[in-house]
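The values are calculated or read from the model by the stated rules, or taken from the named source; none is laboratory data. A quick note: this is a predicted structure, and the numbers were derived from the prediction, not measured. Cβ coordinates were reconstructed from backbone atoms using ideal geometry, including for glycine residues, and neighbour counts include every protein chain displayed. In case anyone asks, the SASA skips ligands and DNA or RNA and just uses the protein heavy atoms, side chains included. Shrake-Rupley method; radii C 1.70, N 1.55, O 1.52, S 1.80 Å.
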Amino acid sequence: MTIALLFGTLFVCLLIGVPIAIALGVSALTAIYFGTTMPLSIITQKAFTSLDSFPLLAIPFFMLAGVLMGKGGVSKRFWMTGGLSMVTIVACMFFAAISGSGPATVAAIGGFMIPAMVARKYSGGFASAIAASAGSIGVMIPPSIPFVLYGVIGSVSVGSMFLAGILPGLLVGSALMLTAYLISKKRGYKPEPGKESEFHLKDVGKAFWDAKWALLIPVIILGGIYGGVFSPTEAAVVAVVYAIIIGKFVYKELSWQGLYESFRETIVINATTMIIIGLSVSFAYFMTIQQIPGEISDYLTALSTNPFVILLAINVLLLVVGMFIDTISALVVLTPILLPIVTEVGVDPVHFGVVLVANLAIGFVTPPLGVNLFVASSVGGVKFERIAYAVLPFLFTMIICLLVITFVPQLSLWLPGLYE
């Protein structure tokens with residue numbers, strides 16, 4: 001009865017368009033009020049106490065660093081001569097290593113790369129689909145906000161999660177580049193005039209030199225974390241300070257007005273995120289009290305005790321969930337449910353964290369939620385329907401990469417193993 005109330009209310013709320021944070025809180029309140037004798041105040045208590053976490057501070061600071069870099073001209077330095085579709089993906093991978101956010105990457109890189117591709121006669125839908133797909137890598141390449149959140153919830157080292165995401169992120173990026181190349185070749189998209197038959201190493205070198213201050217950011221962040229200089233949360237603060245200095249005094253594109261707008265934008269985004277996290281934790285806590293994760297675990301293990309079969313079933317579940325629920329909410333709700341299940345059958349928590357985030361990254365480009373698709377539609381001025389159709393080849397590529405990440409654990413575990 002209680003489980004039916006909980007998930008029934010949640011489904012109805014989502015069906016009528018209630019925001020996910022409110023839907024989680026309302027469904028938990030309904031189930032508690034009608035199905036238990038627990039005090040309703042437990043919802044607010046858990047929501048507030050869950051936010052009292054030092055590692056969670058990394059999230060708003062990484063958000064702020066990403067916004068500052070976008071307004072401070074950092075994203076404009078990720079440019080080199082060559083095939084624009086592939087350059088877009090490479091630029092997104094670099095910017096992902098700074099912002100840790102998928103939508104932020106799409107907005108920052110897509111804002112000037114989509115018009116550049118359209119000007120070179122690329123299809124608007126194709127150009128926007130590339131930016132949307134490549135932007136999803138932002139949650140896989142460190143520093144990643146979802147990795148921070150997963151580490152906090154699952155009691156897994158955030159540093160290990162950052163290391164674990166590097167090779168899978170590079171795999172997805174390389175696969176997307178190959179897909180973009182094949183499509184561009186088939187459709188006859190040409191590089192810049194006079195550049196068709198030669199590769200200009202000096203242009204690449206000049207681009208890297210122009211972007212040297214921007215490229216130092218992930219080196220400082222990750223080097224500081226793994227060198228033991230500062231924690232991931234402190235690294236986020238360092239990233240903010242560095243972004244202000246570079247944007248204001250080196251590139252000189254960050255005005256005082258831009259600084260104010262960056263703080264204001266981050267406050268609004270972070271307020272929404274924290275509400276989602278708080279109420280998601282309350283929802284997950286109630287499920288734990290009602291032993292719902294145990295029941296789901298019993299059901300899955302009854303199907304099979306083979307870890308690969310269970311991971312495949314979880315992949316299908318997560319791909320569906322990612323179509324309707326945002327990454328933060330899905331992480332907070334599903335981690336306490338699924339992590340005990342996979343660890344029970346011998347799956348490494350770090351590996352599962354990468355699989356979980358890789359699944360939800362695909363959710364950024366799958367309708368009806370598809371946040372990256374909406375961002376790309378907005379910055380590129382292309383209809384959502386056109387982008388949703390154009391993204392299908394990239395979506396297929398990402399699913400293939402997901403299967404490789406899932407069934408080749410060493411891809412995620414090799415670098416953390418070296419660090420240990």
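From the list 118, 156, which residue is under 30 Å from residue 283 (Cα atoms), surrounded by fewer than 24 Cβ atoms within 10 Å (Cβ to Cβ) and among the aliphatic types (A, V, I, L, M)?
Details: 118 fails: under 30 Å from residue 283 (Cα atoms).
Selected residue: 156, the only one of 118, 156 that is under 30 Å from residue 283 (Cα atoms), surrounded by fewer than 24 Cβ atoms within 10 Å (Cβ to Cβ) and among the aliphatic types (A, V, I, L, M).
At least 3 residues being buried (at least 21 other Cβ atoms within 10 Å of the Cβ) and touching a residue at least 40 places away in the same chain (Cβ under 8 Å) is the threshold, and among the helices (runs of 4 or more DSSP H) wholly inside region 331-420 those reaching it are 349-362, 371-380, 392-407. Among the residues of region 342-355, is there at least one that is under 24 Å from residue 106 (Cβ atoms) and aliphatic (A, V, I, L, M)? There is at least one residue in region 342-355 that is under 24 Å from residue 106 (Cβ atoms) and aliphatic (A, V, I, L, M).
Look through region 256-266, keep the residues that are of a type in the set (A, V, I, L, M, F, W, C) and touching a residue at least 24 places away in the same chain (Cβ under 8 Å), and return whichever of them is surrounded by the fewest Cβ atoms within 10 Å (Cβ to Cβ). Explain how you work it out, then say what you get.
Step one: of region 256-266, the residues of a type in the set (A, V, I, L, M, F, W, C) are 256, 259, 263.
Now narrow it down to the ones that are touching a residue at least 24 places away in the same chain (Cβ under 8 Å): 259, 263.
On the way: 259: 16, 263: 14.
Applying the filter and picking the extreme gives 263.
Residue 254 meets the conditions (1) of a type in the set (A, V, I, L, M, F, W, C); (2) under 15 Å from residue 57 (Cβ atoms); (3) not in a helix (DSSP H, G or I) in every case but one. The failed one is (2).
Residues are listed down the side, and each one gets a yes or a no for (1) open to solvent by less than 30 Å² (accessible area, probe 1.4 Å); (2) under 27 Å from residue 112 (Cα atoms):
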{"site": "136", "(1), (2)": "yes, yes"}
{"site": "142", "(1), (2)": "yes, yes"}
{"site": "146", "(1), (2)": "yes, yes"}
{"site": "150", "(1), (2)": "yes, no"}
{"site": "171", "(1), (2)": "no, yes"}
{"site": "189", "(1), (2)": "no, yes"}
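Just one of (1) open to solvent by 70 Å² or more (accessible area, probe 1.4 Å); (2) within 19 Å of residue 61 (Cα to Cα); (3) in a helix (DSSP H, G or I); (4) at pLDDT 85 or above fails for residue 229. It is (3).
Name the helices (runs of 4 or more DSSP H) wholly inside region 1-54 in which the number of residues that are under 19 Å from residue 321 (Cα atoms) is 3 or more.
Fully inside region 1-54 and qualifying: 2-15, 20-35.
Return the only residue of 83, 17, 25, 110 being closer than 27 Å to residue 144 by Cα and modelled with pLDDT under 85.
Details: 83 fails: closer than 27 Å to residue 144 by Cα; 17 fails: closer than 27 Å to residue 144 by Cα; 25 fails: modelled with pLDDT under 85.
None of the others qualify; the one that does is 110.
Looking only at region 304-311, decide whether some residue is over 24 Å from residue 401 (Cβ atoms), free of Cβ contacts under 8 Å to residues at least 12 places away in the same chain and open to solvent by 30 Å² or more (accessible area, probe 1.4 Å). Within region 304-311, not a single residue is over 24 Å from residue 401 (Cβ atoms), free of Cβ contacts under 8 Å to residues at least 12 places away in the same chain and open to solvent by 30 Å² or more (accessible area, probe 1.4 Å).
For the list (1) surrounded by fewer than 21 Cβ atoms within 10 Å (Cβ to Cβ); (2) farther than 25 Å from residue 2 by Cα; (3) touching a Lys or Arg at 6+ places or on another chain (Cβ under 7 Å), I need the number of the one condition that residue 285 fails. Looking at each condition in turn, residue 285 falls short on (2). Considered as a group, the residues in region 12-43 that are of a type in the set (S, T, N, Q) and touching a residue at least 24 places away in the same chain (Cβ under 8 Å) include one that is surrounded by the most Cβ atoms within 10 Å (Cβ to Cβ), and that residue is 27.
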